[in-house]
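Notes for the one structure printed next.
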Amino acid sequence: MTRKIFTLVLLFATCALYAQKTDWLADLEAHPEYLDGTDMLCPTAPVKLTKAPKGYKPFYISHYARHGARFASQSDMYKWLNEVFGKAVKDDNLTEAGKEFKRKFDLVYPDFRYRTGELSSVGWWHQKALAERMYSNFPEVFPDGAAVTARTSTNPRCLMTMSSFCLGLKEKSPKISVEEKFGRIYTPAVIPQDSGNPFKKDYEKGVLGFDETLEHFIGRTVDYKAILARLFTDVDKALPAGKQWDFTSYLYFFANGMTSTGSDIDFRDIFTHEERVALWKVDDFQFYYDMWQTRPGYMPVVEDIIACADERIASGEPGADLRFAHDYTFLPVLMLLNVNGYGTKVTDPDEIPVWCRLYDVPMGANLHLVFYKNKKNPKVLFRVLLNGSEARLPQLSQDHWPCYDWDELKLSL
């Protein structure tokens with residue numbers, strides 16, 4: 001009997017897991033903005049949420065998020081593009097498409113050249129919109145006097161993100177108490193593998209389920225010389241062979257990032273749709289490849305989520321804990337919690353987009369654990385929202401979905 005029960009439990013868990021499988025190619029076709037990858041803006045539109053179980057009311061939110069929309073994070077991107085296209089002009093080495101790219105690039109370069117890594121005005125207002133949606137969904141969490149604590153990495157764009165989000169909440173509920181914190185002592189809860197974390201711990205890296213390298217995957221996925229040949233009459237004269245892929249990737253990120261800057265100039269036309277899909281797959285591969293191995297190092301974030309939630313549950317006081325970090329920290333947290341099956345170990349690199357999707361880690365990406373209590377039942381439940389939409393934890397019982405048993409999650413970690 002015990003063996004039969006175990007088999008049934010395993011079967012239900014497997015069914016729940018595969019229910020999370022995503023037809024990523026269909027998603028990319030239906031939502032072209034997804035091809036902007038991590039440069040896409042997190043949706044802010046209202047999402048219809050399923051009712052919580054009878055008698056349960058929200059009282060606390062644990063929030064982990066990526067910073068808002070920014071200019072290019074690569075410190076040399078704008079400079080390198082300017083240098084390569086400037087040299088190509090002198091060498092008469094631009095195609096008609098290359099000349100058009102250069103013409104449009106010259107319009108934005110003066111404004112962009114000194115702004116790498118900075119939060120843009122788009123990012124500022126976008127964060128306020130995300131905060132307003134959080135409040136609109138769960139006003140019970142933010143009554144007068146509710147305590148909201150926000151922590152961030154010391155990165156300037158994260159600091160600005162935190163301030164904008166907190167301001168958005170304050171505008172919706174002026175009498176809440178908001179405390180914004182930043183500094184190295186908060187890094188374990190936000191970005192534990194940061195070199196400036198004085199409490200940084202060693203960890204055993206996660207083991208990949210395949211042997212393919214990024215270089216090999218790029219080689220069989222993207223014909224990047226064809227992209228460059230669309231811009232330069234002599235690609236090898238424009239760029240040494242060893243730099244051609246790096247430059248192509250910069251072109252991709254530059255074009256994707258226009259929405260984040262607020263510019264209405266479109267540079268995506270230098271790629272075909274198929275090329276953008278291929279470049280998206282390469283970026284997705286690289287994220288999974290790196291983050292799967294580093295994910296154990298972000299367990300301190302999960303531990304902080306648990307500790308803060310248990311403290312708030314014990315006090316019964318309403319409010320929220322907010323954390324602001326980066327894409328390379330957000331993805332490991334999804335993996336550790338197994339949100340929508342992100343904890344699945346991939347064995348075929350071509351299946352990475354089924355379980356790891358860059359459009360889930362956009363600018364302003366956010367994960368909410370919304371906690372519920374019932375006056376007649378001591379069991380605490382919580383709901384998971386990924387970028388505003390209801391998510392699943394397939395390793396847990398789905399009996400109360402969209403809510404889960406808090407104690408069951410803690411036992412599963």
(request) Tell me which residues, restricted to region 100-149, are of a type in the set (Phe, Trp, Tyr) and either in a helix (DSSP H, G or I) or over 30 Å from Tyr372 (Cα atoms) (or both). (result) Phe101, Phe105, Tyr109, Phe112, Tyr114, Trp124, Trp125, Tyr135
(request) Assess whether Ser249 counts as being of a type in the set (Gly, Ala, Ser), in the same structural domain as Lys87 (by TED's automatic domain parsing), surrounded by 14 or more Cβ atoms within 10 Å (Cβ to Cβ) and without any contact (Cβ under 8 Å) to a residue 40 or more places away in the chain. (result) yes
(message) Suppose the filter is touching a helix residue (DSSP H, G or I) at 6+ places or on another chain (Cβ under 8 Å), part of a helix (DSSP H, G or I), within 19 Å of Gly68 (Cα to Cα) and not polar (S, T, N, Q); does Glu171 pass it?
(response) yes
(request) Any chance you could count how many residues in region 216-239 are under 22 Å from Lys90 (Cβ atoms) and among the aromatic types (Phe, Trp, Tyr)? (result) 1
(request) Collect the residues in region 68-91 that are of a type in the set (D, E, K, R), outside any helix (DSSP H, G or I) and surrounded by fewer than 16 Cβ atoms within 10 Å (Cβ to Cβ), keeping them in residue-number order. (result) Asp76, Asp91
(message) Within region 92-135, take every residue that is over 26 Å from Gly364 (Cβ atoms) and among the polar types (S, T, N, Q) and give me the one that is surrounded by the most Cβ atoms within 10 Å (Cβ to Cβ).
(response) Asn93
(request) Could you please give the count of residues in region 108-157 that are of a type in the set (Phe, Trp, Tyr), in contact (Cβ under 8 Å) with a residue 60 or more places away in the chain and assigned by TED's automatic domain parsing to the domain that holds Ser260? (result) 1
(message) Regarding region 334-357, can at least one residue be identified that is without any contact (Cβ under 8 Å) to a residue 40 or more places away in the chain and closer than 27 Å to Pro156 by Cβ?
(response) no
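Looking only at region 61-88, which residues are among the aliphatic types (A, V, I, L, M), farther than 30 Å from Tyr298 by Cα and in contact with a Gly (Cβ under 9 Å, 6 or more places away or on another chain)? Quick ask: steps written out before the conclusion?
Pass one, region 61-88, residues among the aliphatic types (A, V, I, L, M): 61, 65, 69, 72, 77, 81, 84, 88.
Then drop every residue that is not farther than 30 Å from Tyr298 by Cα, which leaves 81, 84, 88.
Within region 61-88, just Ala88 meets the criteria.
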(message) Checking the structure you have, find out if any residue of region 33-46 is β-branched (Val, Ile, Thr), modelled with pLDDT under 95, closer than 30 Å to Gly123 by Cα and surrounded by fewer than 20 Cβ atoms within 10 Å (Cβ to Cβ).
(response) no
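How about region 230-262: which of its residues are among the hydroxyl-bearing types (Ser, Thr, Tyr) and either under 22 Å from Cys42 (Cα atoms) or outside any loop (DSSP other than H, G, I, E, B) (or both)? So that I can check it myself, show each step before the final result.
Initially, region 230-262 is screened for residues among the hydroxyl-bearing types (Ser, Thr, Tyr), giving 233, 248-250, 252, 259-261.
Result: Thr248, Ser249, Tyr250, Tyr252, Thr259, Ser260, Thr261.
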(message) Out of everything in region 385-404 that is under 20 Å from the mean Cα position of the chain (by Cα) and part of a strand (DSSP E or B), what residue ends up being surrounded by the fewest Cβ atoms within 10 Å (Cβ to Cβ)?
(response) Ser389
(message) Looking at Ser177, Ser173, Ser163, Ser153 in this structure, which one is among the small types (Gly, Ala, Ser) and surrounded by 22 or more Cβ atoms within 10 Å (Cβ to Cβ)?
(response) Ser153
(request) Being outside any strand (DSSP E or B) and among the charged types (D, E, K, R) is the filter; apply it to region 345-384 and report the residue that is farthest from the chain's Cα centre (by Cα). (result) Lys376
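The values are calculated or read from the model by the stated rules, or taken from the named source; none is laboratory data. Every value quoted in this text rests on a predicted model; they were computed, and no experiment measured them. Because the Cβ atoms are built from the backbone with ideal geometry, glycine has one as well, and the counts that use them run over all protein chains shown.
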